[in-house]
Amino acid sequence: MKMAFLVVCTVPALFWQLGTEAVRTRGVLQGDGAIRIGADPEEPRDLVRILAGRQIVELLSLEPSVADATKEFVESQKKDWINISRPSLGRVPESVARSFLEEDKLKSELFLDEALGPEKIKRFKQLVYRMEVDAIGWGLSLTEGRLGNKIGVYEDQKEELERKVSAILDDLRSKIDDLNRKAEEEILSQLVPEQSRKARELIGPYSAYKHATVVEAKFDRLRQMRSARQEREEAASESPDR
């Protein structure tokens, strides 16, 4: 019953939550504790639904006709789902929903084969993996994301890998901060002296201020959950009752 309810609730979201103009980088905490961002590079339905995005079209050097055909395909699939779900007011039986999803996946695979061909499909998937890296960083992508899962990063690798990646990126941030400071000085020097003085008074000394992202907040929560679970397990193993 729970599975049927899950399918009924999530299948409509397949179309209305996945945009075709860009990957919406929302962090999703899975049951396995992993973080999934945006489209799945190995899921044809996800790929089709972002194929018409402006940046994807440019990076893959696609003809406008391909983007137009993609939009038509996605809209057609959306209408098919509406026609299926409308008579039952959205309460689609699990078997019907699964059948539709399987058919949609097959149609998406065929569409991608015809529209792109093997080489561009390979490059498309590479871009989508890189989107995840750009969205959550190398550390999270390798230890908690699809990239690490796909290449088989071991559980006992994660802590050391995360530490090393963090050190590399901290060094990079330090170098970027130095460049930003120099750039700031050059920019302010383009003003007349009085303007430069006022600007410096308003902004104060250089600061590498960074807005916390939703993904970072969710990952912090994931770490807290894992730490609490580990503490409970350790406490249970040390309990005299065991």
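Values in this text are rule-based calculations from the coordinates and carry no lab data. The model shown is predicted, which means the values in this text are computed figures rather than measured ones. Because the Cβ atoms are built from the backbone with ideal geometry, glycine has one as well, and the counts that use them run over all protein chains shown.
Label-to-label distance, ASN180 versus ARG200, with points set 7 angstrom from Cα along the beta-carbon direction: 2.0 nm.
Working note: Karplus 6.51/-1.76/1.60 with θ = phi - 60° gives segment 121-129 the couplings 5, 4, 5, 4, 5, 4, 4, 5, 4 Hz, where Gly and Pro are set to x. Hey, got a sec? Which trypsin sites (Lys or Arg not before Pro) in segment 78-125 land in a DSSP loop and have at most 15 other Cβ atoms within 10 Å? Taking segment 78-125 and a limit of 15 other Cβ atoms within 10 Å, the loop trypsin sites (Lys or Arg not before Pro) found are ARG91. Electrostatic tally near SER61: other residues with Cβ closer than 15 Å to its Cβ, Lys and Arg +1, Asp and Glu -1, net +1. Remark on ILE37: its backbone amide H falls under 5 Å from those of ARG146, a criterion applied only to residues 5 or more positions apart or on other chains, H modelled at 1.01 Å from N. Computed from backbone phi, the HN-Hα couplings of segment 163-169 come to 5, 5, 4, 4, 5, 4, 6 Hz, rounded to whole numbers (Karplus: 6.51 cos²θ - 1.76 cosθ + 1.60, θ = phi - 60°; Gly and Pro given as x).
Counting charges near SER85 (Lys, Arg +1; Asp, Glu -1) among other residues having Cβ under 15 Å from its Cβ returns a value of +1. Once the C-beta distance of GLU233 and ILE151 is scaled by a Förster radius of 25 Å, the resulting FRET efficiency is 0.35 to the nearest 0.05. Residue by residue, segment 179-193 carries 3J(HN,Hα) couplings of 5, 5, 4, 5, 5, 4, 4, 5, 5, 5, 6, 7, 8, 6, x Hz when phi is fed to the Karplus relation 6.51 cos²θ - 1.76 cosθ + 1.60 (θ = phi - 60°); x denotes Gly or Pro.
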